[in-house]
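One structure below.
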Amino acid sequence: MTNQHAIGGQIALHAQQLAASVDPGDTNPPHKVAQVFFFGTGAAAVRRDLWSARGGFTNDVFIDTTDVIDKKLAALDALVSQGYGGAYARKRIETADGAFGSAARTAYAEGFIKMNAEVHYHLPLTDQAKTVAESSDHENIERQSLRHNF
């Protein structure tokens, strides 16, 4: 059985490569993409830190979806032809987004994997990392324990 998502990703990467090249006589400038992010679900282990990595691909970017979880649920409910709505949508958000959220130390998140390593002039530190570091254990647990009432 063919994985349509994987094939779609391969097509997108191939198109990206073609768009970045220039054909002789083409007056259009090449279009280059600075970074590609792969969706982490099913492609990577959920890990919180370096010590829980067990080889293979791991999510290295998390997007906090806590503030938009209602919109995500509505979008999943609208995908009637895919069977993503209803009880499945609620279970998926609690398990997948909840697991990613736990790894990111928030209630809900989506995990991603960067295609290319990044170079910084200083070690990056996110606002979320600062918030976690400045919060008490009880505040962090409360933030992570937020549960949507579906």
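The values are calculated or read from the model by the stated rules, or taken from the named source; none is laboratory data. Predicted model, so just to flag it, every value in this text is computed and none were measured. Heads up, the Cβs are rebuilt from the backbone with ideal geometry, glycines too, and the neighbour counts pull from every protein chain shown.
So here's what we get for this one:
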item	result
Single residue of Arg105, Arg92, Arg147 found to be out of contact with any strand residue (DSSP E or B) (no Cβ under 7 Å at 6 or more places or on another chain) and under 25 Å from Gly9 (Cβ atoms)	Arg92
Cβ-Cβ under 9 Å pairs, at least 6 apart or on other chains, the range 5-32 side free of Cβ contacts under 8 Å to residues at least 60 places away in the same chain, far side in a helix (DSSP H, G or I)	Pro30/Ala19; Pro30/Ala20; His31/Gln16; His31/Ala19; His31/Ala20; Lys32/Gln16; Lys32/Ala19; Lys32/Ala20
Total residues in the range 126-150, condition more than 17 Å from the chain's Cα centre (by Cα) and surrounded by 14 or more Cβ atoms within 10 Å (Cβ to Cβ)	7
Residue that is surrounded by the fewest Cβ atoms within 10 Å (Cβ to Cβ) [pool: residues in the range 40-77 that are at pLDDT 90 or above, touching a strand residue (DSSP E or B) at 6+ places or on another chain (Cβ under 6 Å) and among the β-branched types (Val, Ile, Thr)]	Ile63
In the range 10-39, residue surrounded by the most Cβ atoms within 10 Å (Cβ to Cβ) [restricted to those that are modelled with pLDDT under 90 and under 27 Å from Ala96 (Cβ atoms)]	Phe38
Residues (free of Cβ contacts under 8 Å to residues at least 12 places away in the same chain and among the small types (Gly, Ala, Ser)) located in the range 65-97	Ala74, Ala75, Ala78, Ser81, Gly83, Gly85, Gly86, Ala87
Some residue of the range 125-134 being within 28 Å of Leu13 (Cα to Cα) and of a type outside the set (Val, Ile, Thr)	no
Residue list for the range 125-143, restricted to those being of a type in the set (Val, Ile, Thr) and farther than 16 Å from Tyr108 by Cβ	Thr126
Count - residues of the range 84-132 that are of a type in the set (Asp, Glu) and under 19 Å from Thr58 (Cα atoms)	3
Residues within the range 78-125 that are at positive phi and either surrounded by 15 or more Cβ atoms within 10 Å (Cβ to Cβ) or part of a helix (DSSP H, G or I) (or both), tallied	2
